[in-house]
Amino acid sequence: MEDLLKLEKQICFPAYAFSRELTNLYRPLLEKLDVTYPQYLVMMVLWDEFEKTVNQLGEKLRLDSGTLTPLLKRLEQKGLVNRTRSKKDERVVLISLTETGTELKEKAKDIPTEMLKFLDISIEDLTQLKNLLNKILNK
């Protein structure tokens, strides 16, 4: 009988290793912006949609509030986002971009192109990989 517990039989290991490698490739690019990878993810959502609630960010990024709250506090300390209570419901915290946070998008615009160079993979292969990962994540 085949031993399914061999490392080379697992999907989890290449997914984990790829995730770590990808994050490491982003690190020097993000250090120039003074943001971490999770902070960069938040900024990308806000560059696209300007304002979100903490819960909406958590859902979109698959992060719980215990992870997201300190991350958002650090972004606020850096002057990139504002955290304000909703006037409609005090329990809801709204996250929006500051002017500095909006300007950071211009500094980040070349990151996707740089990542493509680092990965040395076709856009078609990368799109196929992204689609497969999303298919698995959305089940």
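No lab work stands behind these numbers, since they all come straight from the coordinates. Worth saying up front: this structure is predicted, and the values here are computed from it rather than measured. Using ideal geometry, Cβ is built from the backbone for each residue, glycine included, and neighbour counts are taken over all protein chains shown.
Computed quantities for the displayed model
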read-out: Among (1) 15.7, 45; (2) 16.1, 52; (3) 17.8, 63, the entry that matches Rg and Dmax of the Cα atoms in Å as calculated here; value: (3)
read-out: Cα-centred dipole magnitude for the chain, charges only on beta-carbon of K, R (+1) and D, E (-1), debye, nearest 20; value: 500
read-out: Calculated FRET efficiency for the pair Lys9/Glu114, C-beta based, R₀ 41 Å, to 0.05; value: 0.75
read-out: Relative contact order for the chain, counting Cα pairs under 8 Å that sit 6 or more residues apart, in percent; value: 19
read-out: FRET efficiency, 1/(1 + (r/R0)^6) with R0 22 Å, evaluated for Leu25 and Arg62 via beta carbons; value: 0.60
read-out: The range 33-139: GluC sites (Glu not before Pro) in DSSP coil with no more than 13 other Cβ atoms inside 10 Å; value: Glu90
read-out: Options Asn131, Leu61, Leu119, ranked by Cα towards positive dipole end of the chain, top entry (Cβ charges); value: Leu61
read-out: Partner aspartates and glutamates for Lys105 [C-alpha distance under 12 Å; skip if fewer than 8 residues away on the same chain]; value: Asp48
read-out: Span from the the range 1-20 Cα centroid across to the the range 78-130 one, whole angstrom; value: 31
